[in-house]
Amino acid sequence: MTRILRCNPSSISFSHTGVPVFSSDETREAIEEASNHIHSTHTPLIFPTETVYGLGASITDPEAISKIFSTKGRPPDNPLIVHISSMDMLSPLLSPDFVLPDTYAALIDRFWPGPLALLFPANPESVPTTITAGHPTVAVRMPSHPVARALIAVSGKPLAAPSGNSSGKPSPTRVEHVVRDLGDKVELILDGGACGFGVESTVVDGLAADGNLRILRPGGLTVEDIEDALRSQSRDHTHIPQVLVYRRDYIDKATEIAPTTPGMKYKHYSPSVPVSLLMTSQPPPDVHATSLFDLVQSDLRLTGDSQSRTIGLMVTDESPLASSSLPAGHKLRVYSLGSAEDLSVMARRLFDGFLTLESEAVDIIYVEGVEEVREGLAIMNRVRKAAGQVYWVKETVQQEDK
Ligand code: TXA
Ligand code: MG
């Protein structure tokens, strides 16, 4: 039986050293119970973070860490992020001779607690190789979600936590998503409501000798905000470190074959329904833009199926695609990604869109592409990995076969 304990995030505040103060007994009791679970059951639990829900266990509990992998069906060579609640928890995790670079000091100062995971040289005495997957580095973040931070503080243990989904599936942003995916496999869930960012943390490696930052996974914290922090906190304005995004700005062979960046080696973010990405930008020279009508018709022809189908369409409120006509007998289920003006809302709604449409048993999901700026970089990173096909579509409403 899965126990779900409700928490009110706004009833928790923190002292400047990260000690939680509760104004709700129900929330305090839920977090104390979750902390007892961490200390006594050797089983992971689900907790909310500001990005997505996580499946967490104490880094000092090898049995529970091993169950994180088996619960998710996660390959053991994919390392976990360690979550801390205060700066005191950081240094024991790090190689004793590590000196914090200025770039890290600037990012920690500005963005922790928050959706930023930083790579550090790991202290093998305190971080087991099951967490680092044998890499010399450990990814650490301090979540800003009050429930996550209070749970870590009350348990007194850094928590290793991947997203709380079966490996390869979209990450959960609401408890309903967790229950549908892993409900029979987890014993305890802390419910803190819907996650604010909706995409996972930005994973940053700033350990290279050139002093530049490499974004291994774009996420909730935008590259633009990281660049801004480096600019405004740099003492030497003649040399501001660069922020390089993997695959956009650089690529390296070792990373391509190692699974250290999500989706590089393993399938990611895919609902059980096929997903296609619809690009509304100018198509490449050798590609013809099609209409949604023609696309549906040819997709259905490919599946050799003429039954009535439900087409899931994830688009912005402004998108003309939402009023596209479809071949006779097929239904359109539109899931709004919010206004095209607000990429943070689109990010928040993305995984919920995949998982909601999947639960409604649509036959195919089409997602409208966005410009790869700010949160758009993380959105398109997830959509590209989820999508089996990319099509360029005309945004004009088609009137065929009404
Ligand atoms: O927002 C998040 O980061 C969420 C919440 C729960 O905190 N967690 C999350 O964990 O997304 P996960 O395991 O689904 O993705 C973390 C990714 C891993 O897939 C891995 O590729 C990368 O972070 N990572 C972890 N440790 C690393 C390391 N030492 N070197 C390079 N990449 C690492
Ligand atoms: Mg994940």
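Couplings 3J(HN,Hα) for the range 381-387, derived from phi with the Karplus relation 6.51 cos²θ - 1.76 cosθ + 1.60 (θ = phi - 60°), are 4, 6, 5, 4, 6, 7, 8 Hz, where x marks Gly and Pro. Magnitude of the charge dipole for the range 275-392, about its Cα centre and with charges confined to Cβ atoms of Lys, Arg (+1) and Asp, Glu (-1), is about 260 debye. Taken one residue at a time, the phi angles of the range 65-78 give Karplus couplings (6.51, -1.76, 1.60, θ = phi - 60°) of 4, 5, 6, 4, 5, 6, 5, 7, x, 8, x, x, 8, 10 Hz. Gly and Pro are set to x.
Just from its helices, what would the mean residue ellipticity at 222 nm be for the chain, if runs of 4 or more DSSP H residues each count -39500 (n - 2.57) and the sum is divided by every residue, rounded to the nearest 500 deg cm²/dmol? Theoretical 222 nm ellipticity from helices: -8500 deg cm²/dmol. Placing unit charges on the Cβ atoms only, positive for Lys and Arg and negative for Asp and Glu, gives the range 3-191 a dipole magnitude near 440 debye about its Cα centre. Near the amide H of Asn123, within less than 5 Å, lie the amide hydrogens of Leu94, Ser95, all on another chain or at least 5 residues away, with H placed in the peptide plane. When you filter the trypsin sites (Lys or Arg not before Pro) in the range 177-241 for DSSP loop state and at most 14 other Cβ atoms inside 10 Å of their Cβ, you are left with Arg235. Based on C-alpha pairs under 8 angstrom that are at least 6 apart in sequence, the chain has a relative contact order of 18 percent.
Highest GNM mean-square fluctuation among Phe354, Phe22, Phe197, for the chain modelled with Cα contacts below 10 Å: Phe22. Carbon-plus-sulfur accessible fraction, the chain (probe radius 1.4 Å, protein heavy atoms only): 52%.
Phi angles across the range 355-368 convert, under the Karplus curve 6.51 cos²θ - 1.76 cosθ + 1.60 with θ = phi - 60°, into 3J(HN,Hα) values of 6, 5, 5, 4, 5, 8, 6, 5, 8, 7, 10, 9, 10, 6 Hz, Gly and Pro given as x.
Normalised by the number of residues in the range 1-156, the average gap of Cα pairs under 8 Å and 6 or more apart makes the relative contact order 29 percent.
The residues of the range 110-269 have, on average, 39 Å² of accessible surface per residue, using a 1.4 Å probe with all protein chains present.
Cross-link pairs exceeding 28 Å in C-alpha to C-alpha distance, out of Lys169/Lys331; Lys157/Lys385; Lys72/Lys385, comprise Lys157/Lys385. Applying 1/(1 + (r/R0)^6) with r as the Cβ-Cβ distance of Lys331 and Ala209 and R0 = 60 angstrom yields a FRET efficiency of 0.60.
Taking Cα atoms only, the orientation of helix 146-155 departs from the longest principal axis of the chain by about 30 degrees. Eigen-decomposition of the gyration tensor built on the alpha-carbon atoms of the range 59-155 gives equivalent ellipsoid semi-axes of 22, 17, 12 angstrom, largest listed first. Using only side-chain charges placed at the Cβ, +1 for Lys and Arg and -1 for Asp and Glu, the dipole size of the chain relative to its Cα centre rounds to 640 debye. Among residues other than Phe351 with Cβ under 10 Å from its Cβ, the summed charge is +3 (Lys and Arg +1, Asp and Glu -1).
Residues whose amide H lies under 5 Å from that of Val390, counting only those 5 or more places away or on a different chain, are Leu277; hydrogens are built 1.01 Å from N in the peptide plane. The loop-placed GluC sites (Glu not before Pro) in the range 280-378, going by DSSP, that have at most 14 neighbouring Cβ atoms within 10 Å of their Cβ come out as Glu318, Glu341, Glu360, Glu371.
Compute the distance from the alpha-carbon center of the range 318-353 to that of the range 118-172, in whole Å. Here the answer is 33 Å between Cα centres.
The values are calculated or read from the model by the stated rules, or taken from the named source; none is laboratory data. Because the structure is a prediction, the values reported are computed rather than measured. Cβ coordinates were reconstructed from backbone atoms using ideal geometry, including for glycine residues, and neighbour counts include every protein chain displayed. Surface areas here come from the heavy atoms of the whole protein model, side chains and all, with no ligands, DNA or RNA. Shrake-Rupley method; radii C 1.70, N 1.55, O 1.52, S 1.80 Å.
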